[in-house]
Amino acid sequence: MRARRRTTWANRRSRRWRLSLVAAAVVLLGGVAAMPGAAADAPPKAADCEFSVQKDVPATMRDGTVLRSNVFTPKGDGDFPVILMRLPYNKEGALSFVYGAPDRYAKACYLVVVQDVRGEYKSDGTFYPYRSEAEDGYDTIEWSAALPHSNGKVGMYGFSYPGLTQWLPATLTPPHLVTIAPGFTSSDIYDGWTYEGGALYQSFIQDWLLSFLTGGVTSKLPDGAKLRAEMNQASKDLHAKWYKYQPLNNFPPLYPQDNRIAPYYFDWIDHPSFDDYWKRWSIRTKYPQVKVPSLNFSGWSDIFLNGTVENFAGMRAQGGSEVARQGAQLLVGPWTHGGSGRKVGDVDFGPEAVVAWGDLHLRWFDHWLKGIDNGVDKDPPVKVFVMGANKWRTADSWPIPGTANTTYYLHSKGDANTANGGGTLDTTAPATEEKADQYQYDPANPVPSVGGRFQSSVPGGPRDQRSVEQRPDVLVYSTPQLTKDTEVTGPISVTLYARSSAKDTDWTAKLTDVGPDGTSMLIRDGIQRARYRVSLEKPELITPGEVYKYTIKLWPTSNLFKAGHRIRLEISSSNFPMYDRNPNTGGKFGADTTTQPASQTVLHDPAHPSSITLPIMPTPVR
């Protein structure tokens, strides 16, 4: 018997781009739609549930800090499962976005709690990203389980940062947490959120803080309106003025001398390596501590894609209970951060790309929180969208069993510069000496970011790279036209043998799908900072002129390269402003006020077989 508990881009001002920013805000506000349905012994059906709303309900954390939530309680005498979202973007704003409207959950007979995290908006305390989310999340889960009309079963939902507010407390194993549904989120706050391959995720980090993350803090300050106006203007001026600003550790739009605003940004710059500062928040090291099933979803052009995939695979292999291991599921579509539609970047992926998050979550929570036998536990653990084929592929695990990892080698006569050069790509390793390719990397004139992982200031998704491929500092290697459909599904890596005239530099890679008309559509990209070639924990500068082996992780994808298309690899040293420009000085990270050019050489000979490894599916989806 249950006992009831009583305790911008250049054109970002255009209407089209404003709409895309609204879509971004929808995701950053954490939401997905609600869950109707009820088990035979549960409260009334979704359509029958009216509800009441209490605003700013206080909950006292273990250190005495009071956090405040909006609580949506179905009317009636029964007890209800709880769905909880914790976010830093204003719990009131969550009401205005259809993806996360809490009232839809309440209508479906769930008790819904939406909380401002510590220090944001109506909650007390000091906001510092990630620092208190594990303990505060634990305490809020247990507080929610004891609310009037709660049946003690708590599930969590939300995209992006609200994905972290699920994973972090889940690692502490709250006794009343039953399931989580983290979307578009990461497995590690350092690697794949703030930095990648040792390079700063500059466009995301700086715009995120200016446009979204600091809103709650400034709203509480006496000079907050002035500060917010200045930060909004700085956000608009990122491309024209601020992205190239040096030094990074004195970034004016975030007020380096004012610890009220974003002192954590400067801490992030002061910790460019994977040290103890970051390790305390790593999820990938704590999978055995998580004992609940998880619904993980993302998009191939999401900024946190790799972390979402890693969380799924990690839970399947190391989850702390049988239900956590067997109950983990993964869904990846063609979208950017938080997307769910058919049009992504320059590509229309067709009607099958459209996913209703609300319907997915309805099934998920109905099963795990209400005990409805709706087949969720029998769904394929992996469901990924194969771009190009524009169809879904299912599997039992990730990477998909039977994948044939195939190596394609770089070739040229030293003339791979631009798409008009002589760079080729095939599965035959270099058998004779081949002249190395060279280019000049000048941080004052970096390769521009065109498409890719979502950024507020750069349109994301698959975009035509032909303008980039005309630059002499971009090496281009292409296969002949394919004679048969070739599906690439899984993680990708580039092995590069290269030397530089600098003490430190970057190496970037892009995989593109080249159509018969010459369109070179971005599929995947990545970066590796030279000083972090061996370890993200212990940087080592390079010796100018010496050849080193680099591994560039391009993250996973799923794309059908159709017959008549070509597979293309681009190599360069910048992808800006997605990643910060390496100044080539070898100096302390974030402290440089100047840059210097570097002469770059990429080798591809028998002793230095530079290559890309692609996960080929033996039978492509059609």
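May I ask you to say which residue of ARG131, ARG118 is under 27 Å from TRP281 (Cα atoms), surrounded by 19 or more Cβ atoms within 10 Å (Cβ to Cβ), of a type in the set (Lys, Arg) and under 24 Å from the mean Cα position of the chain (by Cα)? Before you say what the answer is, go through the steps one by one.
Numbers: ARG131 fails: surrounded by 19 or more Cβ atoms within 10 Å (Cβ to Cβ).
After applying the criteria, what remains is ARG118.
Strands (runs of 3 or more DSSP E) wholly in the range 498-610 with at least 2 residues that are open to solvent by 10 Å² or more (accessible area, probe 1.4 Å) and over 26 Å from GLY460 (Cβ atoms) - which ones? Please lay out each step first, then the result.
Working: elements: 506-514, 520-529, 548-561, 566-572, 598-603.
Per the criteria, 548-561, 598-603.
In the range 395-426, what residues are open to solvent by 80 Å² or more (accessible area, probe 1.4 Å) and among the polar types (S, T, N, Q)?
Step one: list which residues in the range 395-426 are open to solvent by 80 Å² or more (accessible area, probe 1.4 Å), which gives 396, 401, 405, 413, 420.
Within the range 395-426, ASN405, ASN420 qualify.
Anything in the range 244-259 that is under 10 Å from THR214 (Cβ atoms) and open to solvent by 30 Å² or more (accessible area, probe 1.4 Å)? List them, or say none.
The answer is TYR255, and nothing else.
Applying the selection to the range 471-497, what residues are closer than 13 Å to ILE571 by Cα and more than 29 Å from the chain's Cα centre (by Cα)?
Quick first cut of the range 471-497, residues closer than 13 Å to ILE571 by Cα only: 471-478, 493-497.
Listed by number, the list holds a single entry, PRO472.
Within the range 409-446, can you find the residues that are part of a loop (DSSP other than H, G, I, E, B) and among the hydrophobic types (A, V, I, L, M, F, W, C)?
Taking the range 409-446 as the starting set, the residues that turn out to be part of a loop (DSSP other than H, G, I, E, B) are 412-416, 418-423, 427-436, 442-446.
The answer is ALA416, ALA419, ALA429, ALA431, ALA436, ALA444.
Could you tell me which numbered condition GLN206 fails, if it satisfies all but one of (1) in contact with a Lys or Arg (Cβ under 9 Å, 6 or more places away or on another chain); (2) open to solvent by less than 40 Å² (accessible area, probe 1.4 Å)?
Here GLN206 meets the rest and fails (1).
Find the residue count for the range 226-236, including only residues that are within 24 Å of the chain's Cα centre (by Cα) and open to solvent by 40 Å² or more (accessible area, probe 1.4 Å).
Residues flagged as within 24 Å of the chain's Cα centre (by Cα) and open to solvent by 40 Å² or more (accessible area, probe 1.4 Å) within the range 226-236 amount to 2.
Does at least one position in the range 387-408 carry a residue that is at pLDDT 95 or above, outside any strand (DSSP E or B), hydroxyl-bearing (Ser, Thr, Tyr) and under 30 Å from GLN600 (Cβ atoms)?
Looking for residues that are at pLDDT 95 or above, outside any strand (DSSP E or B), hydroxyl-bearing (Ser, Thr, Tyr) and under 30 Å from GLN600 (Cβ atoms), one finds none in the range 387-408, hence no.
I'm trying to understand the selection: among the residues of the range 193-239, which are more than 28 Å from ARG529 (Cα to Cα) and outside any helix (DSSP H, G or I)?
Of everything in the range 193-239, those that are more than 28 Å from ARG529 (Cα to Cα) and outside any helix (DSSP H, G or I) turn out to be THR214, LYS220, LEU221, PRO222, ASP223.
Taking the options ASP223, ASP188, name whichever one is modelled with pLDDT of 95 or more and farther than 30 Å from ASP377 by Cβ. Give the derivation first.
Values: ASP188 fails: farther than 30 Å from ASP377 by Cβ.
Of ASP223, ASP188, the one residue that is modelled with pLDDT of 95 or more and farther than 30 Å from ASP377 by Cβ is ASP223.
Output the residues belonging to the range 350-371 that are over 15 Å from GLY155 (Cα atoms), modelled with pLDDT of 95 or more and of a type in the set (A, V, I, L, M, F, W, C). Let's see the steps before the verdict.
Going through the range 350-371, the residues over 15 Å from GLY155 (Cα atoms) turn out to be 350-357, 359.
This time we only want the ones that are modelled with pLDDT of 95 or more, so: 350-354.
Once the filter is applied, which keeps residues that are over 15 Å from GLY155 (Cα atoms), modelled with pLDDT of 95 or more and of a type in the set (A, V, I, L, M, F, W, C), the range 350-371 yields ALA353, VAL354.
Taking the range 348-383, which residues are part of a loop (DSSP other than H, G, I, E, B) and either within 15 Å of ALA181 (Cα to Cα) or over 20 Å from the mean Cα position of the chain (by Cα) (or both)? Please lay out each step first, then the result.
As a first pass, look at the range 348-383 and keep what is part of a loop (DSSP other than H, G, I, E, B): 349-350, 354-356, 371-375, 379-381.
Matches in the range 348-383: PHE349, GLY350, ALA356, GLY371, ILE372, ASP373, ASN374, GLY375, ASP379, PRO380, PRO381.
The values are calculated or read from the model by the stated rules, or taken from the named source; none is laboratory data. This structure is a prediction, so every number in the text was calculated from the model and none was measured. Methodologically, a virtual Cβ is constructed for each residue, glycine included, from the backbone with ideal geometry; neighbour enumeration extends over all protein chains shown. Protein only, heavy atoms only, side chains kept; ligands, DNA and RNA dropped before computing areas. Shrake-Rupley method; radii C 1.70, N 1.55, O 1.52, S 1.80 Å.
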